[in-house]
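Okay, so here's the structure we're looking at.
Read-outs: derived from the displayed coordinates by stated rules, not from any lab. On a predicted model such as this, the values are computed, not experimentally measured, just so you know. Quick reminder, even Gly has a Cβ in these numbers, built from the backbone with ideal geometry, and neighbours come from all protein chains shown.
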Amino acid sequence: MYKPIVFLAALFLSACGFHLKGTQPYDRLPVVQWNIEGGALQQPLESALIQASGEYAAQSPNRLKVLSFSEDKDVYTVTRAAKLNEYLLTLDVTAQAYRNGSVWGAPMNIRVRRVLPYADSLVLGKQEEAELIRREMRKDAAGRIVRRLQFLPLVEGK
């Protein structure tokens, strides 16, 4: 009974281009060691790099530098009674990879958005929830940056 369903699911996944991570040539970093100048994203970038089978090396000629970093909090929705209902948290990051001091690839512009529900009766826990969402946004942005590093042109001889 379940075998045809499993077979169809596998067929649909293969037809849409799905593949397991690590099975394509662009699923690997072009080089393993990176020097990261991440500012507020330093720790999330180092963690994302390690998860992608890379490593942080202070003396590496391969450098990832965060050029700009901004976090915004805007009113997203208001109720009919003119009360605040949701905030929109936005994180914008621009990063650039360098190889031996030269620009390597195009600048990486990342925008991460999350909605933060708001209620006047639950004000005490909203600061902690907002900070948790911001940490998750930084982690997501770092993961996206490292993922884009995997698409940089390969280095000759490495």
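Which of the three applies to the chain, rounded, prolate or oblate, going by the alpha-carbon gyration tensor with a ≥ b ≥ c and a/c under 1.5 meaning rounded?
Judged from the Cα gyration tensor, the chain comes out oblate (a/c at least 1.5, b/c at or above a/b).
Could the peptides 83-92, 113-122 be put in order, highest first, of the mean number of other beta-carbon atoms found within 10 Å of their residues?
Ranked from most to least packed, the peptides come out as 83-92, 113-122.
So if R0 is 22 Å, what FRET efficiency would Leu122 and Tyr76 give, r being the distance between their Cβ atoms, rounded to the nearest 0.05?
The computed FRET efficiency comes out at 0.85.
With θ set to phi - 60°, apply the Karplus curve 6.51 cos²θ - 1.76 cosθ + 1.60 along segment 138-144 and write out the HN-Hα couplings as whole Hz, x wherever there is a Gly or Pro.
Result, ordered by residue: 4, 5, 5, 4, 4, x, 5 Hz.
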